[in-house]
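The values are calculated or read from the model by the stated rules, or taken from the named source; none is laboratory data. This one's a predicted model, so the numbers in the text were calculated from it and none came from an experiment. With ideal geometry, Cβ positions are generated from the backbone for all residues, glycine too; neighbour counts draw on all protein chains shown.
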Amino acid sequence: MSDRRRLIGPLNTIIPNIGISSNATEADVFKGPSSATRNEDGLRQFFLKTGIIENANGSAYLEVGGNIIQVSVFGPRPIRGSFVDRASFSVECKFLPYISQPNEQLYNNTTVNAGSTANTGPTNANANGRTGLTNIEQKISSYIETALLPSIVLEKYPKSTIDIFVTILSTESSNSGSTKVDAALLGISNWVLNCSSVALVDSGIELKDVVTSGVATLKNDKLLLDPEVISSGEDNENTLTCVVSFMNLRNDEIVGFWMEGDQSKFEESQVEQLIDGCNNMSRQVRANINSYFTSTLE
Amino acid sequence: MAELKQVSFPPEILARIAPDISLQRHLSIGLRPNLRNFTEFKPIDIASNNELTENNNNVFGSSVIKSGSTTVINTITLGVVEVNSSTKSATTEQLGNAGYTTVYPVIEIARGRSGAPTDEEMILSQTLHETLLHSRLIPKASLSINNYGAAVYDATLSNYSIYYPDLNPQEFELINFNHSKSYTFVLLSHIKIFSRQKSTSALFDLCHLSTVHALSRLQLPRVYISDTTSGTKVSVKSRSSNTRGLVGLSRSNINIDTNKELFYPLVLNNSEDAMVDSSGPFDHSGVSSNFGVVTVADADKEGNDEEGKRSILLADLEGEAEESAILSRLSIISNKSNTIKKISLINGDGNSEISLDILKQALEIAKLRAQQM
Amino acid sequence: MTFQVRTSLLENVDGSAELQIGNTKVITSVTGPIEPKARQDLPNQASLEIVIRPAVDLASTREKLLEDKLRSLLQSIIVRYKYPRQLIQIVVQFLVSDTSSEGEIDYTSNELNAAINCCYFALIDAGVALSASFASLSISLNDGKATYNPSLVDLNKSDSHHVICFNIVKGKADKILLLESQGDIEEEELFTMISNAVSECEVIHQQQRKFIKEKVDNDYVWKQ
């Protein structure tokens, strides 16, 4: 089958699998920039810039570690059809087509070629031509939408739509293709949410509060905020990772909660630890965002 | 009886409701709405780092270009296609123009809505595809996969080893390997354009620049075949599948060797007789420039004809006023050795004619620009 | 350089023409001015809907590009202000074209040239107002030597290939309406080619005039 609207190569094109290295000494090294500096609270430094996309109402660009995220907000835009008393809100999150998505083995059903020992393959074979979202993109979009929805004053924009378009230009996901959900997916969701909040502020849409988010890992009772992606082979046993999003100035109301782990049972105290950790991180992020906006408005 | 009062609009509003009038007013006082000189091009920044290629093992060439607020991100990935062995033996000269191939680009302009490619995206992709083909930039021979290897499972070591006919000749001979098929690479490019402000012709210039730059940094890997006895995986298409459109790309047992030491650059057709000090990637391919011609009606100016009109050549169209009011357009690709690679001229306006003099002037400017790149 | 043309072949449209030039045969139909769709409606001009279908296979981005080039040409030459809020539909169907086999590259210049020349006759047959006559040429240059309406073999050996279209006023080529050049061209070569193309296009125009005079004589034979 070929797509009539795109140039996708000759009809019998095969996408080769990414195999192993013939150089036996070259280990399956995690590719990505070395860890960014961390301050005492455990939060990495991040780079933020708004207003870079001219044709969007609001935009933000965030770089932290190996993650590069760009968010554009379009809205309020008129919608056709009958009158609706509030704005409709949607989030679409897409990776650049050839960027390997975190945990794509697990969620995107990218197949493993048994002939190659490395378990990575490129994302969907039809990556160049797809219009739908992959499962991972769906998950992230859905989390962002759930978390941001309570913060927008939708009633102020009847018969309109507010759309957020997220493009992930780079991630830190390790290339080991492990089948356990690691910090990469939750980490990127965390930073996408923070970036989207900033873009919403830039767009001037009325908000009840700025949603910020934190991500933390609890491993053997040791809490680590903003965990960097650990390279493959690292033992993921007894790990709970979770991303929690808050509206800090509204009594730290939780607007989003996503936890992954491989323990068959976990204690309430562990969950509390994680939530507190994420809250700390989200407050840090909020402080940084506040100082960014106050400095750029001068 | 109501009196008619004259309504005046601030410049930004006028630019949207009456772009042609706004443009005329700017031009008659010697300005452009975007405040550039008539023949000045918008500056372009080309990112020198190679992060996208380094961080992703299925991206083999990439380029990030910024011009004003418009950002163009280009990633080149590879496909493999089987070729008829007989055509492989002919040399590039024997095949004539058929000895060259091109890139298959998919252009996506971020415009706040998702869906199928627009006409503009399709036209840009096809123009880029044809331009690179006819400019004879990529010889077919550069993409052919010679010496592909085989992966052999070593039970004692519990892993695979890869052997190539040229690098490991002795081990290779021991493998019972059917080496009869010939393969060649296919260059697939994906271009994402953020915050476009420019006209389509200016976007083409950026995409062309981006693609040539990415090609100059492209590194091709080695390829090996894994054994076919490892079991076939049959994918079952589920109802919830979102793989609309293209489904049929088959996975076979062709794999890319991620060993970076064996990567080799793509050999482009750089003409050896480009006598310049620093040979850059644009020596052969040339640099694309776009122009528009508009007629300004103003009396009492020298250089006008009897009706008081003069034709002005504007370089690098940008902005709503220029985009909608200028219908006579010119796109030129010119390279350092003063060869013209492509001209696309359309005289869309009865009033503004692209005369031969203006064409000559535009060619001069395009030439100078190519030399400066 | 000679072409064969027939008009008024199709019954359900306002105008049609079939043109054969070299290895390319194309049929064009023109319907209009007719009622536009709401999204196509322009307040003070006619809108153009141009569809190009290849000889073999389905339309793809290649035909999209040809449509864009043809549209930019026809937008200026058709007197659109004469038919405000109307639509003119032009469909170009290739019946025969040079198909390149595997390993050869695809040239669209002959097709574009045939489409432009055929549209001229179809528009006249439909009675759509044109601001001037126009004629186009497909040229390939090999070592400075020009070949008009080159075959696929000529194109494969050429240094560059071009499509040039002039508008004709009072029997003389007046200005360049469209120029598409690809390949390696030197500036002097280009201008020599353009000035030679002027006289060739005027010859084509003489053939156009002759055909149209005969056509009008035939169409109004009942008046005699």
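Here are the numbers:
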{"item": "Hits in the range A:242-260 (condition: under 19 Å from the mean Cα position of the chain (by Cα) and touching a residue at least 40 places away in the same chain (Cβ under 8 Å))", "result": "A:CYS242, A:VAL243, A:SER245, A:MET247, A:VAL255, A:GLY256, A:TRP258, A:GLU260"}
{"item": "Unique residue being within 11 Å of another protein chain (Cβ to nearest Cβ), farther than 20 Å from A:VAL73 by Cβ and modelled with pLDDT under 75 when the list is A:ASN126, A:ASN119, A:ASN135", "result": "A:ASN126"}
{"item": "In the range C:126-144, the residues that are charged (D, E, K, R) and modelled with pLDDT of 95 or more", "result": "none"}
{"item": "Residue match in the range C:56-73 (condition: crowded, with 24+ Cβ neighbours inside 10 Å, more than 10 Å from chain B (Cβ to nearest Cβ) and either in contact (Cβ under 8 Å) with a residue 60 or more places away in the chain or not charged (D, E, K, R) (or both))", "result": "no"}
{"item": "Of the criteria (1) outside any strand (DSSP E or B); (2) out of contact with any Pro (no Cβ under 8 Å at 6 or more places or on another chain), which one C:SER136 fails", "result": "(1)"}
{"item": "Unmet criterion (only one of (1) within 20 Å of C:GLN182 (Cβ to Cβ); (2) under 15 Å from the mean Cα position of the chain (by Cα); (3) among the hydroxyl-bearing types (Ser, Thr, Tyr)) for C:TYR120", "result": "(1)"}
{"item": "Within the range B:128-153, considering residues that are of a type in the set (A, V, I, L, M) and modelled with pLDDT of 85 or more, the one surrounded by the fewest Cβ atoms within 10 Å (Cβ to Cβ)", "result": "B:ALA141"}
{"item": "Matching residues, the range C:155-170, being assigned to a strand (DSSP E or B) and surrounded by fewer than 18 Cβ atoms within 10 Å (Cβ to Cβ)", "result": "C:VAL169"}
{"item": "Given (1) closer than 26 Å to C:ARG209 by Cβ; (2) surrounded by fewer than 18 Cβ atoms within 10 Å (Cβ to Cβ), number of the condition C:ILE27 does not satisfy", "result": "(2)"}
{"item": "Matching entry among B:PHE172, B:PHE185, B:PHE194, B:PHE204 (being hydrophobic (A, V, I, L, M, F, W, C) and within 14 Å of chain C (Cβ to nearest Cβ))", "result": "B:PHE204"}
{"item": "Which numbered condition C:THR99 fails, given (1) at the interface with chain B (Cβ under 10 Å from one of its Cβ atoms); (2) among the β-branched types (Val, Ile, Thr); (3) over 16 Å from the mean Cα position of the chain (by Cα)", "result": "(1)"}
{"item": "Check on C:SER158, more than 18 Å from the chain's Cα centre (by Cα) and either more than 9 Å from chain B (Cβ to nearest Cβ) or of a type in the set (Gly, Ala, Ser) (or both)", "result": "yes"}
{"item": "Residue within the range A:35-47 that is at pLDDT 75 or above and hydroxyl-bearing (Ser, Thr, Tyr) present", "result": "no"}
{"item": "Residue check for B:ARG217: closer than 23 Å to B:ASN259 by Cα and basic (Lys, Arg)", "result": "yes"}
{"item": "Members of the range B:331-354 found to be under 16 Å from B:VAL294 (Cβ atoms), among the small types (Gly, Ala, Ser) and either facing chain C (nearest Cβ under 7 Å) or in a helix (DSSP H, G or I) (or both), listed by number", "result": "B:GLY348, B:GLY350"}
{"item": "Residue tally, condition of a type in the set (Asp, Glu) and in a loop (DSSP other than H, G, I, E, B), over the range B:1-59", "result": "2"}
{"item": "Boolean, C:ARG53 is within 11 Å of chain B (Cβ to nearest Cβ) and either touching a helix residue (DSSP H, G or I) at 6+ places or on another chain (Cβ under 9 Å) or surrounded by 15 or more Cβ atoms within 10 Å (Cβ to Cβ) (or both)", "result": "no"}
{"item": "Leading residue by the ranking (nearest to the other protein chains (Cβ to nearest Cβ)) among those in the range C:171-190 that are charged (D, E, K, R) and assigned to a helix (DSSP H, G or I)", "result": "C:GLU187"}
{"item": "Single unsatisfied condition, B:VAL296 versus (1) within 30 Å of B:TYR163 (Cα to Cα); (2) assigned to a strand (DSSP E or B); (3) at pLDDT below 85", "result": "(1)"}
{"item": "The range A:43-61, subset free of Cβ contacts under 8 Å to residues at least 24 places away in the same chain and of a type outside the set (Lys, Arg), residue farthest from the other protein chains (Cβ to nearest Cβ)", "result": "A:GLN45"}
{"item": "Flag if B:LEU78 is modelled with pLDDT of 85 or more, under 32 Å from the mean Cα position of the chain (by Cα) and crowded, with 18+ Cβ neighbours inside 10 Å", "result": "yes"}
{"item": "Enumeration of residues in the range C:21-40 that are free of Cβ contacts under 8 Å to residues at least 40 places away in the same chain and not hydrophobic (A, V, I, L, M, F, W, C)", "result": "C:ARG39"}
{"item": "Conditions (1) on the phi < 0 side of the Ramachandran plot; (2) surrounded by fewer than 21 Cβ atoms within 10 Å (Cβ to Cβ); number of the one not met by C:PRO150", "result": "(2)"}
{"item": "Sole exception among (1) surrounded by fewer than 24 Cβ atoms within 10 Å (Cβ to Cβ); (2) among the polar types (S, T, N, Q); (3) within 14 Å of chain C (Cβ to nearest Cβ) for B:SER125, by number", "result": "(1)"}
{"item": "Members of the range B:321-353 found to be more than 19 Å from B:THR200 (Cα to Cα), at pLDDT below 85 and in contact with a strand residue (DSSP E or B) (Cβ under 9 Å, 6 or more places away or on another chain), listed by number", "result": "B:LYS336, B:ASN351, B:SER352, B:GLU353"}
{"item": "Selection status of A:VAL64, under 20 Å from the mean Cα position of the chain (by Cα), β-branched (Val, Ile, Thr) and more than 10 Å from chain B (Cβ to nearest Cβ)", "result": "yes"}
{"item": "Elements of type strands (runs of 3 or more DSSP E) contained in the range B:100-207, each with 3 or more residues being in contact (Cβ under 8 Å) with a residue 40 or more places away in the chain and among the aromatic types (Phe, Trp, Tyr)", "result": "B:182-194"}
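The rows are residues; the columns are (1) in a loop (DSSP other than H, G, I, E, B); (2) touching a Lys or Arg at 6+ places or on another chain (Cβ under 7 Å); (3) of a type outside the set (A, V, I, L, M, F, W, C); (4) within 14 Å of chain B (Cβ to nearest Cβ).
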{"site": "C:ARG85", "(1), (2), (3), (4)": "yes, no, yes, no"}
{"site": "C:ASP106", "(1), (2), (3), (4)": "yes, no, yes, yes"}
{"site": "C:LEU141", "(1), (2), (3), (4)": "no, no, no, yes"}
{"site": "C:VAL153", "(1), (2), (3), (4)": "no, no, no, yes"}
